[in-house]
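The values are calculated or read from the model by the stated rules, or taken from the named source; none is laboratory data. None of these values were measured; they are calculated from a predicted model. Positions of Cβ are generated from backbone atoms using ideal geometry, with glycine treated the same way; all protein chains shown enter the neighbour counts. For accessibility, only protein heavy atoms count, side chains too; no ligands or nucleic acids. Shrake-Rupley method; radii C 1.70, N 1.55, O 1.52, S 1.80 Å.
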Amino acid sequence: MAEKSRGPRQPAEAEASLAPRPPTSADPEAGVEARLAAGVLLNAALEGRGGLDAALSFREVAALAGPDRAFARAVAMAALRRLGEIDQILDRRLQKAPPPAVRTLLRIALAQTLVLGTPAFAAVSTAVKLAERDPKTRPYKNLVNAVLRGVEREGPGLTTAESNLPDWLAARWRATWGEPALAGLALATREEPATDLSLKPGVDSAAVAAAVEGEALPGGTIRTGRRGDVAGWPGFEDGIWWVQDAAAAVPVRLLAPKPGEAVADFCAAPGGKTLQLAAAGAAVVALDRSDKRLDRLRANLARTGLAAEIVVTPAEAWDDPRTFDAVLLDAPCTATGTFRRNPEVLRATKPADVARLADVQHRLLDAAAERVRPGGRLVYCVCSLEREEGETQVIAFLRRNPAFRTAPAVPADLGAPDEALTPEGWLRVLPSMWAEKGGLDGFFIARLDRA
């Protein structure tokens with residue numbers, strides 16, 4: 001699911017996704033209700049009503065049994081990942097645009113058959129049943145049946161991965177990262193990512209990898225294709241690991257906290273990086289403006305037996321005289337680099353969000369710099385693919401703050417892709433990197449040492 005509130009949507013440093021599976025309730029109508037809930041989740045993500053995760057509390061979703069709710073979420077996520085391709089298929093078969101509710105039924109059905117491998121008879125029959133239930137869609141039930149049967153009979157035809165990207169983002173990324181990178185980013189939209197685990201120091205990584213049927217990545221992250229509730233996985237109750245995307249673990253490695261050092265983690269919730277800092281033996285102060293979102297950090301600190309001082313306050317308004325050996329600023333951002341885990345971010349983010357959040361990042365960077373002791377270090381990172389939120393921020397910061405200079409990163413020492421290193425010594429991780437390993441979230445990361 002998601003990590004930290006960075007703008008319209010959130011990145012991933014939290015929970016594993018649930019496996020796509022058909023409803024298992026004994027109620028014969030459960031399959032219909034689960035697919036209705038999938039449509040509710042899909043529309044919530046597209047319409048910006050707090051996002052897909054917030055919609056899990058809606059009545060149509062919350063009333064489902066656990067497996068049915070998991071199935072509904074899996075269907076909605078599949079539809080979001082392949083939305084452009086699904087619409088390409090539909091537009092070839094629809095002479096004119098149907099009402100939005102009808103398109104939702106068709107999108108949900110095709111997400112099941114073409115992405116999740118649901119038998120066509122189940123997806124088609126439930127779509128027709130749902131069309132019959134609503135007076136607004138009832139006149140279109142024959143259309144729903146004909147379109148879906150036609151796709152089943154004749155195949156979906158050719159689609160393009162780039163269609164899954166909004167036009168404005170595709171144009172930006174083509175101009176910024178180039179055509180080959182855009183092609184890789186588009187392909188990455190299709191795939192459900194694996195689950196990554198960060199381990200406490202001293203834990204036998206090979207044993208954990210074997211227990212969760214995973215493998216060790218460079219840097220020590222364990223990656224597993226296992227699905228389901230992570231609370232039931234080996235090692236969870238022992239507190240020896242937490243869920244954290246491989247790229248999200250890199251900023252703390254670059255900061256290189258040492259035992260006993262005073263470290264501040266700005267914008268810390270839900271706290272995967274705070275756990276890394278505490279596990280390294282640092283004396284950590286974790287700040288975030290949201291007390292509710294810090295609950296996950298509190299729970300994970302208790303589960304792992306780690307310690308950190310938690311302060312609920314906006315970082316730029318923190319009234320405290322302390323300075324630190326090291327400061328980590330994982331700033332609020334558009335989170336466009338997290339689209340593998342949060343495909344709704346592609347639809348929720350708007351061009352104006354980039355400029356708005358860049359202003360927030362500017363203020364936070366200056367506030368973080370004031371907390372760094374002479375000889376200390378600052379790591380700035382965002383899970384955004386937009387240069388205005390990454391490279392441009394650091395260029396402007398260094399002009400404003402001549403006491404700081406870049407400490408060049410060494411990807412091999414950090415568990416980062418070699419190709420992520422920029423000429424300036426920063427890291428620009430794209431989700432299309434490490435494709436052979438399953439990819440990773442997009443990040444910009446820079447370490448800035450104070451003279």
Across the range 219-229, the tally of residues that are surrounded by 21 or more Cβ atoms within 10 Å (Cβ to Cβ) and farther than 12 Å from residue 208 by Cα stands at 0
Condition (residue is closer than 30 Å to residue 88 by Cα and hydroxyl-bearing (Ser, Thr, Tyr)) applied to the range 162-182: is it met by at least one residue? yes
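Can you tell which of 438, 425, 415, 442 is surrounded by 15 or more Cβ atoms within 10 Å (Cβ to Cβ) and within 26 Å of residue 366 (Cβ to Cβ)?
Values: 438 fails: within 26 Å of residue 366 (Cβ to Cβ); 425 fails: surrounded by 15 or more Cβ atoms within 10 Å (Cβ to Cβ); 415 fails: within 26 Å of residue 366 (Cβ to Cβ).
That would be 442, the only listed residue that is surrounded by 15 or more Cβ atoms within 10 Å (Cβ to Cβ) and within 26 Å of residue 366 (Cβ to Cβ).
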Note: among 85, 179, just one is under 29 Å from residue 419 (Cα atoms), of a type in the set (Asp, Glu) and within 29 Å of the chain's Cα centre (by Cα), namely 179
Considering the range 295-328, residues that are under 23 Å from residue 197 (Cα atoms) and of a type in the set (Lys, Arg), and then whichever is least open to solvent (accessible area, probe 1.4 Å), we arrive at 303
Among 148, 158, the single one that is more than 22 Å from the chain's Cα centre (by Cα) and surrounded by 15 or more Cβ atoms within 10 Å (Cβ to Cβ) is 148
Reported set for the range 179-207 where residues are open to solvent by 20 Å² or more (accessible area, probe 1.4 Å), under 20 Å from residue 434 (Cα atoms) and part of a loop (DSSP other than H, G, I, E, B) is 190, 191, 192, 194
Checking 249, 278, 268 in turn, the sole residue that is within 18 Å of residue 218 (Cβ to Cβ), of a type outside the set (Val, Ile, Thr) and either assigned to a loop (DSSP other than H, G, I, E, B) or modelled with pLDDT of 95 or more (or both) turns out to be 249
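Every residue, every condition in (1) open to solvent by 10 Å² or more (accessible area, probe 1.4 Å); (2) within 27 Å of residue 438 (Cβ to Cβ); (3) of a type outside the set (S, T, N, Q), yes or no:
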residue: 237; (1), (2), (3): yes, yes, yes
residue: 241; (1), (2), (3): no, yes, yes
residue: 247; (1), (2), (3): no, yes, yes
residue: 257; (1), (2), (3): yes, no, yes
residue: 276; (1), (2), (3): yes, yes, no
residue: 280; (1), (2), (3): yes, yes, yes
